[in-house]
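Trainee: Here it is: the structure, laid out below.
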Amino acid sequence: MAGFKNSGKTTLVEKLVRHLSAAGYRVSTIKHAHHSFDIDHEGRDSFRHRVAGASEVAVISRDRTAIIHELRGTAAPSLAEVVNRLQPCDLVIVEGYKRDSHDKIEVRNLALDHPALAGDDPTVVAIAATGPVPAAAVPIFDRDDVAALAQFIIAHAGL
């Protein structure tokens, strides 16, 4: 999913993951953040390990695992490198990375004055929008029609 801030990307990804998972597909997601973030918080053991200088901190429980890798000035991994680190699955939904070369569905909130990606970006294979998009060269879906969008993704990905 690619688009600009407040276009509805995260909500759409959430709905698609729920829909596709319920249909029996194993789905993973990758979210690109343009800012710093923490998945652990001050006072937590993992935070203390990281602040002390650990390059990686793994947190393991019976319900989930997380590995926090501190870049410490090195380049962030490419999208391909991140995909290669994931466990096998049927589909990876990527939120963000709008300038990368993978196939994308552009998410548009027509109430906002954001530039279009489709047309200028040949990797945009469809648009999910809050209303009609005249003269689009790719399929258009209502942003809330998750079932139709999921069917498009299943067919496009060859699942």
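The values are calculated or read from the model by the stated rules, or taken from the named source; none is laboratory data. Because the structure is predicted, anything quoted here is derived from the model rather than measured. Positions of Cβ are generated from backbone atoms using ideal geometry, with glycine treated the same way; all protein chains shown enter the neighbour counts.
Trainee: Does residue 26 meet the test of being at pLDDT below 95 and loosely packed, with under 13 Cβ neighbours inside 10 Å?
Mentor: Numbers: at pLDDT below 95: no; loosely packed, with under 13 Cβ neighbours inside 10 Å: yes.
So residue 26 does not fit the description; no.
Trainee: Residue 123 fails exactly one of the following numbered conditions: (1) under 24 Å from residue 46 (Cα atoms); (2) surrounded by 11 or more Cβ atoms within 10 Å (Cβ to Cβ). What is the number of that condition?
Mentor: Only one criterion in (1) under 24 Å from residue 46 (Cα atoms); (2) surrounded by 11 or more Cβ atoms within 10 Å (Cβ to Cβ) is unmet by residue 123, namely (1).
Trainee: Kindly indicate whether residue 154 is out of contact with any Ser or Thr (no Cβ under 9 Å at 6 or more places or on another chain), modelled with pLDDT of 95 or more, closer than 15 Å to residue 1 by Cα and part of a helix (DSSP H, G or I).
Mentor: Yes; evaluated as a whole, the condition is true for this residue.
Trainee: Please go through the stretch 108-119 and pick out each residue that is surrounded by fewer than 18 Cβ atoms within 10 Å (Cβ to Cβ) and either more than 19 Å from residue 95 (Cα to Cα) or hydrophobic (A, V, I, L, M, F, W, C) (or both).
Mentor: Hits for the stretch 108-119 are 110, 111, 112, 113, 116, 119.
Trainee: For the subset of the stretch 59-107 comprising residues that are in contact with a strand residue (DSSP E or B) (Cβ under 7 Å, 6 or more places away or on another chain) and among the small types (Gly, Ala, Ser), which member is surrounded by the most Cβ atoms within 10 Å (Cβ to Cβ)?
Mentor: The extreme case among them is 96.
Trainee: Now a separate question. How about the stretch 18-63: which of its residues are among the hydrophobic types (A, V, I, L, M, F, W, C), in a strand (DSSP E or B) and either closer than 30 Å to residue 103 by Cβ or over 25 Å from the mean Cα position of the chain (by Cα) (or both)?
Mentor: Selection gives 27, 30.
Trainee: From 137, 148, grab the single residue that is of a type outside the set (S, T, N, Q) and within 22 Å of residue 21 (Cα to Cα).
Mentor: Within the list 137, 148, the selection yields 148.
Trainee: When the stretch 131-141 is examined, which residues are found to be surrounded by 13 or more Cβ atoms within 10 Å (Cβ to Cβ) and more than 16 Å from residue 13 (Cβ to Cβ)?
Mentor: 133, 136, 138, 139, 140, listed by residue number.
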